[in-house]
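Q: I have a structure I would like to understand better, so I am pasting it below and will then ask my questions one at a time.
The values are calculated or read from the model by the stated rules, or taken from the named source; none is laboratory data. Note that this is a predicted model, so its numbers are computed, not measured. Please note: Cβ atoms are built from the backbone with ideal geometry, for glycine as well, and neighbour counts cover all protein chains shown. Just the protein is used for accessible areas: all its heavy atoms, side chains included, with ligands, DNA and RNA removed. Shrake-Rupley method; radii C 1.70, N 1.55, O 1.52, S 1.80 Å.
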Amino acid sequence: MHDQLVVPVDKLVGTVGRERKFQGERSVSLRLGEATVNGPMSVSGILVGTTDGVDSSFRALALANLICTRCLVEWSEEVEATGGQYFRAEPDEDGYAIVDNAVDVGAPAQDELALALPAVPLCRPGCAGLCPTCGTDLNREPCDGHGDDSDSPFAVLKDLFDS
């Protein structure tokens, strides 16, 4: 199967300013805490020839599945990342290089998409979360309280934090 994000650059290297647009998809699997992407990543961009390589700029999009870290609500939303990568014959510190007169723009696009995932997904900025005692979703209803906790073996410790 032909990978749409491995783009031939033989007519770009050494031709300063020559451009080639690209677009394609690749299946990715990413996870950062409560944010995951398992499915297609769409990438579009442009490659520009330089004296010794090609410069790329791209935009990557994918559908992320998120779980709110405060109230555990699940939802999906599109995540977008933009970036660029310079490719030469010699690999850079990330291992990206021109190989067989082609560049893999999908790999740096996937890296940027991973960085765009929220580290702490929130369903909304003011999410109140769950009651730590009974688990009531405080966004939907108030918690009525949980009575006197002086019977708890940890009640003595509560006074330590009041000073």
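Q: Taking residue 93 and the conditions (1) open to solvent by less than 90 Å² (accessible area, probe 1.4 Å); (2) in a loop (DSSP other than H, G, I, E, B); (3) out of contact with any Gly (no Cβ under 9 Å at 6 or more places or on another chain), which numbered condition does it fall short on, given that it satisfies the others?
A: Result: residue 93 fails condition (1) only.
Q: Select from region 125-137 the residues that are at pLDDT below 90 and among the hydrophobic types (A, V, I, L, M, F, W, C) and list them in ascending order.
A: 131, 134
Q: Moving to a separate point now. Say we look at region 1-44 and pick out the residues that are open to solvent by 60 Å² or more (accessible area, probe 1.4 Å), of a type outside the set (Gly, Ala, Ser) and within 14 Å of the chain's Cα centre (by Cα); which of these is nearest to residue 104 (Cα to Cα)?
A: The qualifying residue nearest to residue 104 (Cα to Cα) is 40.
Q: For region 121-148, which residues satisfy the criterion of being touching a Cys at 6+ places or on another chain (Cβ under 9 Å), part of a loop (DSSP other than H, G, I, E, B) and under 21 Å from residue 65 (Cα atoms)?
A: 121, 122, 123, 124, 127, 128, 129, 139
Q: Next question, about the same structure. Answer yes or no as to whether residue 85 is polar (S, T, N, Q), within 32 Å of the chain's Cα centre (by Cα), more than 22 Å from residue 11 (Cβ to Cβ) and modelled with pLDDT of 95 or more.
A: Criteria not met by residue 85.
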